[in-house]
Amino acid sequence: MENLINQENLEDIREFIESKIADVPTNYILVGAIGSLLLSGYLKKIGKNQASSVIGKLSIPIIAIGLAKYKDAIKSEFEALTETQPETEFHS
């Protein structure tokens, strides 16, 4: 069986994922990641170890995506603030 993820199509996969999550607010992604971690913990507590492991492993990339998107949002807000504020000069 051929490996579906390789260097040739990795960029295409990244662009596909970014296009799908572009309209999803960062808060929703981060809340979903926290929810998946909580669900993983609950499943482990009730003895569903295999399901807990799968959900827990999925939550890590969700957290990474949410944090990267949050970083980009903060960076764009900072740039917007610095562009709108006129530079003031201090004379002594």
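The values are calculated or read from the model by the stated rules, or taken from the named source; none is laboratory data. Keep in mind that what you see is a predicted model, and the values were worked out from it rather than measured. Using ideal geometry, Cβ is built from the backbone for each residue, glycine included, and neighbour counts are taken over all protein chains shown.
Just the residues that are touching a helix residue (DSSP H, G or I) at 6+ places or on another chain (Cβ under 7 Å) and of a type in the set (Lys, Arg), please, taken from region 19-55.
LYS44
Out of the residues in region 27-68 that are closer than 20 Å to ILE13 by Cα and either touching a Ser or Thr at 6+ places or on another chain (Cβ under 8 Å) or among the polar types (S, T, N, Q) (or both), which is surrounded by the fewest Cβ atoms within 10 Å (Cβ to Cβ)?
So the residue we want is LEU58.
Could you give every pair whose Cβ atoms fall below 9 Å, whose first residue belongs to region 50-64 and is farther than 11 Å from GLY32 by Cβ, and whose second residue is loosely packed, with under 14 Cβ neighbours inside 10 Å and of a type outside the set (Gly, Ala, Ser), counting only separations of at least 6 or pairs across chains?
SER52/TYR42; SER52/LYS45; SER52/ILE46
Got a number for residues in region 38-92 being assigned to a helix (DSSP H, G or I), farther than 23 Å from GLU18 by Cβ and modelled with pLDDT of 85 or more?
16
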